[in-house]
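The values are calculated or read from the model by the stated rules, or taken from the named source; none is laboratory data. Keep in mind that what you see is a predicted model, and the values were worked out from it rather than measured. We place every Cβ from the backbone using ideal geometry, glycine too, and count neighbours over all the protein chains shown. For the accessible areas, the whole protein counts, side chains as well, though only heavy atoms, and no ligand, DNA or RNA atoms are used. Shrake-Rupley method; radii C 1.70, N 1.55, O 1.52, S 1.80 Å.
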Amino acid sequence: PEWEIVRTYVDEGVTGTSAQKRPQFLRMIEDASVGEFDLILTREVSRFARNTVDTLQYTRKLKARGVEVFFINDNIKTFDGDGELRLTIMATLAQDESRKTSVRVKSGQQTSMNNGTFYGNGNILGYRRHQELLPDNKKKVDFIIDPEQAETVRLIYDMYLAGNGLTKIKEELERQGRKTAMGKTRWYETVIGHVLKNTFYCGIITYHKEYTPDYLTQKKIKNYGEVELIQVKGRHEPIITEEQFERVQLIMASKTAQMKNLNTGRRSTTGKRPRTTVWGK
């Protein structure tokens, strides 16, 4: 058959597990809804959507507006009598393949975690990021201590252990003109708090601070104990000792418990931190 190709839509660099993460796909659906065309050609079901619900929802929406979808490799046309039944089967297989891929990715990540691989692209106060491209095109990231920034980290920990609060530390950092990881001279208590809670400074990498509960949506959420934390000895040089870090955590936990007890009228008790699994200790 001959078709007039009026428009091409490609979501580059997007896996397409969820339609909400595919701007070009959503634009195609919107254009179809206003009558820009009456037929969509796609190579196979897995290229249209890897989510069974999305596949059926959008093909039904298109069909209601008189727009047919033809899956060329699968030879499925949504206007055919058995089109939706065959489409449901193929979409279910595509979704299950996405689930298997998610399991494989998590397994690979677990291996990387056990080896102390660092995830993330942000700057870490106290360190310079050194990135190297390996022969297999994989990236190796190492963190080298920045002497000036490392002194800032030590100052934060020393002041806190000496009994100073976050506001006092903030004022002292700004008085000395100390710079943040982004090179700014203005500090915030929240930033200082994150420094004091980051195990990276005592040589330990903590994983699962965030996690993805649903492989379909791929949306990360903060971990409040739903998933066990994993801690691994990193390859980087620590700036403070583990003993210093643990002392800081005990003080912070005690202060948090005291604040909660002030609101409830209960006696003060030191709360426990979430349980973690530690590798390489």
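Here are some notes:
- Amide H contacts of Leu39 (H built 1.01 Å from N, under 5 Å, at least 5 apart or other chain): Glu68
- Under 16 Å from Lys100, Cα to Cα: aspartates and glutamates that are on another chain or at least 8 residues apart: Asp214
- Solvent-accessible ranking of Lys220, Lys255, Lys179, largest area first, probe 1.4 Å: Lys220, Lys179, Lys255
- Summarising the label geometry, the points placed 7 Å from Cα in the beta-carbon direction at Asp158 and Glu30 lie 5.6 nm from one another.
- Length added when fully stretched, Lys61-Glu242, from 0.36 nm per residue minus Cα-Cα: 59.4 nm
- Within the stretch 123-172, trypsin sites (Lys or Arg not before Pro) in DSSP loop having at most 15 other beta-carbon neighbours inside 10 Å: Lys138
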